[in-house]
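A.B. asks: The structure's right below; bear with me while I get my questions together.
The values are calculated or read from the model by the stated rules, or taken from the named source; none is laboratory data. Remember, it's a predicted structure, so these values are computed and weren't measured experimentally. We place every Cβ from the backbone using ideal geometry, glycine too, and count neighbours over all the protein chains shown.
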Amino acid sequence: MTNNFDLEAEVRDLAARRDIAGAVQRYMRGLDRLDRDLLVSAFHEDAYVDAGLEAGPPGPYADFCIEFLGQLGGSHHFLGQVQIELHGPDAASGECYFQAWHESFDEDGGSRDLFIAGRYIDEYACRNGEWRIAKRRLITDWVTDLPANHAFFDNPGIHRGARRGEDFSQQRDWPRNQD
């Protein structure tokens, strides 16, 4: 029996999947932290993004996202299964499931929990050694919008997520050791 295992090809495959996953993760983090630069870094400059409410190049799309999500009290995007198919050394396609929570507000200013779940249908390209999203379409599978109960956040000592550079993950302002 002949062993046709190609270690170099396997490493290239794994590295491509790692880098594509990194682009997908930067996109989600950029949305939640309202970090335009991080959001745009997930895409090639000439990419096409279609989220239904906005479609076009990454820069204007990122501006739309930051403005739209910035009006909300918060957001939390969660990635589910991510399926990636490589089509040679510089092309791939994929489908990423997601769920997103958004703190929205009703007419009276009351807080609401808006949940949106769906999938991103993607085309990826490797250019100059960097895998990024080349085309993306958001498919919405389900939505629910409920009155929120945020009483839990009234507990002292609760660490709540923040945006625009104020999240603990962005500052990492650990307390100094008390020797």
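A.B. asks: Looking at the stretch 11-54, which of its residues are touching a strand residue (DSSP E or B) at 6+ places or on another chain (Cβ under 7 Å), of a type in the set (Gly, Ala, Ser) and closer than 26 Å to Gln171 by Cα?
C.D. replies: The answer is Ala21, Ala23, Ala42.
A.B. asks: Ok, one more. Within the stretch 101-118, identify whether any single residue is closer than 17 Å to Ala15 by Cβ, of a type in the set (Lys, Arg) and out of contact with any helix residue (DSSP H, G or I) (no Cβ under 8 Å at 6 or more places or on another chain), and answer yes or no. Walk me through how you get there before you give the answer.
C.D. replies: Filtering the stretch 101-118 down to residues closer than 17 Å to Ala15 by Cβ leaves none.
For the stretch 101-118, residues closer than 17 Å to Ala15 by Cβ, of a type in the set (Lys, Arg) and out of contact with any helix residue (DSSP H, G or I) (no Cβ under 8 Å at 6 or more places or on another chain): absent.
A.B. asks: Related question: Considering only residues of the stretch 73-98 that are outside any strand (DSSP E or B) and in contact (Cβ under 8 Å) with a residue 24 or more places away in the chain, which is farthest from Cys126 (Cα to Cα)? It would help to see each step written out before you state the result.
C.D. replies: Taking the stretch 73-98 first, the residues outside any strand (DSSP E or B) are 73, 87-90.
Right, trim to in contact (Cβ under 8 Å) with a residue 24 or more places away in the chain and you get 73, 89-90.
On the way: Gly73: 36, Pro89: 8, Asp90: 5 Å.
Looking at the filtered set, the residue picked out is Gly73.
A.B. asks: Taking Leu34 as meeting all but one of (1) at negative phi; (2) in contact with a helix residue (DSSP H, G or I) (Cβ under 6 Å, 6 or more places away or on another chain); (3) of a type outside the set (D, E, K, R); (4) touching a residue at least 40 places away in the same chain (Cβ under 8 Å), write down the number of the exception.
C.D. replies: (1)
A.B. asks: Same structure again: Contact list please: Cβ distance under 6 Å, first residue in the stretch 99-112 and part of a loop (DSSP other than H, G, I, E, B), second residue of a type in the set (D, E, K, R), pairs at least six apart or on different chains.
C.D. replies: Asp106/Arg112
A.B. asks: Moving on. If you scan the stretch 59-72, which residues turn out to be in contact (Cβ under 8 Å) with a residue 24 or more places away in the chain and of a type outside the set (Gly, Ala, Ser)?
C.D. replies: Within the stretch 59-72, Asp63, Cys65, Ile66, Leu69, Leu72 meet the criteria.
A.B. asks: What about Glu95, is it surrounded by fewer than 11 Cβ atoms within 10 Å (Cβ to Cβ) and over 23 Å from Gly161 (Cβ atoms)? Reasoning before the result, please.
C.D. replies: On the way: surrounded by fewer than 11 Cβ atoms within 10 Å (Cβ to Cβ): no; over 23 Å from Gly161 (Cβ atoms): yes.
No: the conditions fail for Glu95.
A.B. asks: Could we say that Leu14 is assigned to a helix (DSSP H, G or I), farther than 22 Å from Pro89 by Cβ and aliphatic (A, V, I, L, M) here?
C.D. replies: The answer is no for Leu14.
A.B. asks: Kindly indicate the residue of the stretch 129-143 that is touching a strand residue (DSSP E or B) at 6+ places or on another chain (Cβ under 6 Å) and without any contact (Cβ under 8 Å) to a residue 60 or more places away in the chain and also surrounded by the fewest Cβ atoms within 10 Å (Cβ to Cβ) among those meeting that condition.
C.D. replies: Trp142
A.B. asks: Still on this structure, please answer the following. Inside the stretch 111-161, can you point out the residues that are among the hydroxyl-bearing types (Ser, Thr, Tyr) and either more than 30 Å from Arg18 (Cβ to Cβ) or at pLDDT below 95 (or both)?
C.D. replies: Ser111, Thr144
A.B. asks: Could you please let me know if Ala148 is without any contact (Cβ under 8 Å) to a residue 60 or more places away in the chain, farther than 29 Å from Val82 by Cα and surrounded by 15 or more Cβ atoms within 10 Å (Cβ to Cβ)?
C.D. replies: When the stated conditions are applied, Ala148 passes them.
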